[in-house]
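Trainee: Handing you this structure, nothing more for now.
What follows draws every value from the coordinates through simple rules; no lab data is involved. Just so you know, these numbers come straight off a predicted model, no measurement behind them. FYI the Cβ positions are ideal-geometry reconstructions off the backbone, even for glycines, and counts take in every protein chain you see.
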Amino acid sequence: MRAQVLTEFGGPEKFQLLDVETPVAAPGQVLIRIRAAALNPVDAKIREGLPIGPAMPAILGADLAGVVEAVGAGVTGLTVSDEVYGCAGGVKGHGGTLAQYIAADAHLIAPKPRSLSFREAAALPLVAITTWDAMERLAIVPGEHVLVHGATGGVGHVGIQMAKAAGARVAAAVGSDAAAAIATRLGADDIIIRTEPVSDYVARLTGGNGFHAIFDTFGGANLMNSFEAAAIGGRIATTNARVTADLGNMHAKALTLSAVFMLLPMLKGPGRERHGRILREIATLCDAGKLKPLIDSRSFTLETVPAAYTHLGSGTARGKIVIDID
């Protein structure tokens, strides 16, 4: 099969398009003919040497959509010719999705949403499972006011839609008027441009009471803004809790903070079956018209993966970057 192989850690120029051996479905795995894959910021960090990545040389890429070609011993619920999707590669112990085939742990795979194309389905797994984890931690009650930071990013744009599906009023914090227009199309009820002081938008949108729940897809230093914006007893979920911070405001408001790291089941083992179950629930949301991925307009193929990574690093993508494999 053809695959983009990262020969050593570094920039996009370290990829080589090579012919490599096609994997075989071992017990508990399915062999998938990949039709589309998607990039995520963590893929670039792994490319640069993040220690959760596979040993070099390696095939990177986590997200995929494709067709089951073979089923390993012990696999149930998936059969040859099934159209599937999942987040199943690109870290230690797994193959990657920037290739024509992957032998994937069947627990990480589910039937793709019927209403979505392969390109659309490939854009969802990592960001949608991440958001699902966050929504479970936030435990949103219908009618609550929810703030999403980074609301048109890969995770954030799913956050708007899942919070709306849970019955929330959603405030989207974005960086520009163009992003505000996207957030509104996705269903956001309120718009915040990030240059607006926290105290101003809390007063404007909540009467000074704060938000019941906050999904902070930036995290880090931005968590200070989330602590300030939260209501007393509020809940915050973040994809980035790596920060040295004064937790005084968190304590004063009796806030709850949850860190989300969706790759843990892939890295450690426990929880992989849950990912498959979540993907089935996500497919139901999609087919009910409640969730649709935002996809960047530029087109890339297996041959142009280095250019796709360059585009990812530019920060100019609007939505998920999808690679057409077939």
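Trainee: Name the one entry in Thr97, Thr130 that is β-branched (Val, Ile, Thr) and more than 30 Å from Arg204 (Cβ to Cβ).
Mentor: Thr97
Trainee: Are any residues in region 12-56 touching a helix residue (DSSP H, G or I) at 6+ places or on another chain (Cβ under 7 Å), small (Gly, Ala, Ser) and either more than 25 Å from Thr316 (Cα to Cα) or part of a loop (DSSP other than H, G, I, E, B) (or both), and if so, which ones?
Mentor: Hits for region 12-56 are Gly28, Gly53.
Trainee: Exactly one of (1) free of Cβ contacts under 8 Å to residues at least 12 places away in the same chain; (2) part of a strand (DSSP E or B); (3) not aromatic (Phe, Trp, Tyr) is unmet by Ala70. Its number?
Mentor: (1)
Trainee: Now, a different point. Could you grab me the full set of residues in region 222-246 that are in a helix (DSSP H, G or I) and either under 21 Å from the mean Cα position of the chain (by Cα) or buried (at least 24 other Cβ atoms within 10 Å of the Cβ) (or both)?
Mentor: Asn222, Leu223, Ser226, Phe227, Ala229
Trainee: Another one. If I ask for residues that are in contact (Cβ under 8 Å) with a residue 40 or more places away in the chain and either touching a helix residue (DSSP H, G or I) at 6+ places or on another chain (Cβ under 6 Å) or buried (at least 19 other Cβ atoms within 10 Å of the Cβ) (or both), which ones from region 266-282 would you list?
Mentor: Across region 266-282, the qualifying residues are Met266, Arg272, Glu273, His275, Gly276, Ile278, Leu279, Ile282.
Trainee: Name the residues in region 247-264 that are touching a strand residue (DSSP E or B) at 6+ places or on another chain (Cβ under 9 Å), among the hydrophobic types (A, V, I, L, M, F, W, C) and either over 18 Å from Val198 (Cα atoms) or in a loop (DSSP other than H, G, I, E, B) (or both), would you?
Mentor: Leu247, Ala254, Leu255, Leu257, Ala259, Val260, Met262, Leu263
Trainee: If a residue must be of a type in the set (A, V, I, L, M) and part of a helix (DSSP H, G or I), how many such residues does region 117-160 contain?
Mentor: Adding up the residues that qualify gives 11.
Trainee: Okay, next question. Could you run through region 161-184 and say how many residues are in a loop (DSSP other than H, G, I, E, B) and out of contact with any Lys or Arg (no Cβ under 7 Å at 6 or more places or on another chain)?
Mentor: Looking only at that region, the number is 4.
Trainee: Out of Val75, Val84, Val30, which single residue is crowded, with 19+ Cβ neighbours inside 10 Å and within 24 Å of Phe300 (Cα to Cα)?
Mentor: Val84
Trainee: Kindly provide the set of residues from region 87-103 that are more than 18 Å from the chain's Cα centre (by Cα), among the aliphatic types (A, V, I, L, M) and buried (at least 24 other Cβ atoms within 10 Å of the Cβ), ordered by number.
Mentor: Listed by number, the residues that qualify are Ala99, Ile102.
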